[in-house]
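Q: Got a structure for you, questions after.
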């Protein structure tokens, strides 16, 4: 129990504290950071949402102009955002206040606040089931399910602490456990764990190919990215010397795989056809999540250590600009309806 508690403290410090060894000079705009609650195009598909783990709100970015548009009020320590595919409700996991804010994306007004286990961390909509699954980074905490129709919460016993990926063809959820060296494979219908894939190290996150046959695992402690055959659930290859991998993401056409190296302040670019490293992009302090926008023309990297979102042009694989945000931007979500 003590070992798990120590891991929890380390992960929390890594994800939810700004880089204490880096001196960041904030602009006057950042110090004030006044964003409107209402803005043009509010709730439109395509917007990007960035929760701030050190605050009580989520920033909204228009990726067409790479500009901040507004904010959404949340609980304490928001760390994940989800908008349902039908656009009817939005969800914000609040790590510190141990709850989930449910809101109307068209008005950003709160509908309800529901209590979950301690430290809710990740959100996943299960298509066609009226369910949002919530996992938690806590010792012994389980998985919660929010009914999207009536906002009721069901607490399950399975210990689930990681970031989730849904595989439609198999109707399974793949979830690296973070605190334990394996990936949990969960039946999406029963929400019971049906298998564990041994990984070693600290498995952090997964990316799934569009044909749902291959997965890639960012394994922080092992400094590697593992390739997994999802037809057999076996690790078939390990790409070594990837420093401190935290997040891994496919480009929309699956031609590129990007990995954020949270302590190395860099992003690794991998060619999934050859599983070779194409390039390492430096100068992104404490990168966490990655998304692709504009059909894969740009990659947006959440930079927790510099209170910004780095915009990478994928043609040149260079940082084009940095969108300055409030402190502790922790994850990034795009409403891809």
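Q: Residue check, residue 178 against (1) under 17 Å from the mean Cα position of the chain (by Cα); (2) at pLDDT 95 or above, all met but one. Which one?
A: (2)
Q: Could you tell me whether residue 138 is farther than 21 Å from residue 331 by Cβ, in contact (Cβ under 8 Å) with a residue 24 or more places away in the chain and out of contact with any strand residue (DSSP E or B) (no Cβ under 6 Å at 6 or more places or on another chain)?
A: Working: farther than 21 Å from residue 331 by Cβ: no; in contact (Cβ under 8 Å) with a residue 24 or more places away in the chain: yes; out of contact with any strand residue (DSSP E or B) (no Cβ under 6 Å at 6 or more places or on another chain): yes.
Spelling it out, it is not the case that residue 138 is farther than 21 Å from residue 331 by Cβ, in contact (Cβ under 8 Å) with a residue 24 or more places away in the chain and out of contact with any strand residue (DSSP E or B) (no Cβ under 6 Å at 6 or more places or on another chain).
Q: On the given criteria, is residue 173 at pLDDT 95 or above and farther than 15 Å from residue 131 by Cβ?
A: Details: at pLDDT 95 or above: yes; farther than 15 Å from residue 131 by Cβ: no.
Here the answer is no, as residue 173 does not meet what is asked.
Q: Then there is this: Taking residue 74 as the residue in question, decide whether it is modelled with pLDDT of 95 or more, more than 21 Å from residue 301 (Cα to Cα) and crowded, with 24+ Cβ neighbours inside 10 Å. Spell out how you get there, then give the answer.
A: Numbers: modelled with pLDDT of 95 or more: yes; more than 21 Å from residue 301 (Cα to Cα): yes; crowded, with 24+ Cβ neighbours inside 10 Å: yes.
The answer is yes for residue 74.
Q: Still on this structure: Could you check how many residues of the range 132-170 are closer than 17 Å to residue 215 by Cβ and at pLDDT 90 or above?
A: Filtering the range 132-170 for residues closer than 17 Å to residue 215 by Cβ gives 162-170.
Narrowing further to those that are at pLDDT 90 or above: 163-170.
Counting residues in the range 132-170 that are closer than 17 Å to residue 215 by Cβ and at pLDDT 90 or above gives 8.
Q: Give the residues of the range 206-227 that are part of a strand (DSSP E or B), closer than 22 Å to residue 169 by Cα and in contact (Cβ under 8 Å) with a residue 40 or more places away in the chain, sorted by residue number.
A: If we filter the range 206-227 for residues that are part of a strand (DSSP E or B), which is where we start, we get 206-208, 214-219, 224-227.
Pick out the ones that are also closer than 22 Å to residue 169 by Cα and you get 206-208, 214-217, 226-227.
Matches in the range 206-227: 206, 207, 208, 214, 215, 216, 217, 227.
Q: Could you please find all residues in the range 250-268 being touching a strand residue (DSSP E or B) at 6+ places or on another chain (Cβ under 8 Å) and more than 13 Å from residue 218 (Cα to Cα)? Show your work before the answer.
A: If we filter the range 250-268 for residues that are touching a strand residue (DSSP E or B) at 6+ places or on another chain (Cβ under 8 Å), which is where we start, we get 250-252, 255-262, 265-268.
Within the range 250-268, 251, 252, 255, 256, 265, 266 qualify.
The values are calculated or read from the model by the stated rules, or taken from the named source; none is laboratory data. Keep in mind that what you see is a predicted model, and the values were worked out from it rather than measured. Here the Cβ is made from the backbone with ideal geometry for all residues, glycine too, and neighbour counts use every protein chain on show.
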